[in-house]
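Structure first, then comments.
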Amino acid sequence: MSYLQRSPHREAYVGGTAAWGPHLVLFVLAVIAAGVVWRHRRADPGGLLLLAPLGVTAAKRLERTVSSVFRHPTALLRLLIAIVPMAILVYSPWRIGQQIFAGLDPNFTVDAWGGPTYLGALACHYLDAAVLMAAAAGLLNLLLLPAAPRPPAPPAPGR
């Protein structure tokens, strides 16, 4: 809809509106964080990282958290806090799709963070979306109860 309602008049680029500096820092931090997560996952593999917030296991974790609202003291608080990262995971794919089509309008990207080019605007917006979605998935991983109760720890040897 944004693309269909575009203006036929080309807007002028205003210098200094592209946020390449902050996005370069964000990219470096994202690469460092991905390396830390990758190293941790390599040491303790426990599933597919990219599909962590989706699928059967996530549904079981959400179901267990919802069903234990009256039994688990923090379940309701966990669910209330989880609304924000869940909303980010639902909204981000829509926003990414909007960026693809609306970015075809030169006026949409002229003063964008990665503007004035279409590819620059896509790069910056996709980096933002990837970081936000990764943070949301990580927060959900911390908030939702495990899919099944944890088995008791084995006794220490020699005791």
Rg and Dmax [Cα atoms of segment 55-143; Å; Rg one decimal, Dmax integer]: 17.4, 55
Residues of segment 83-124 with amide N under 13 Å of a point placed 7 Å along Cα→Cβ from Ser7: 106-111
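Readers should treat all values here as calculations from the given coordinates under stated rules, not as data from a laboratory. As the structure is a prediction and not an experimental result, all values here were calculated from the model. We place every Cβ from the backbone using ideal geometry, glycine too, and count neighbours over all the protein chains shown.
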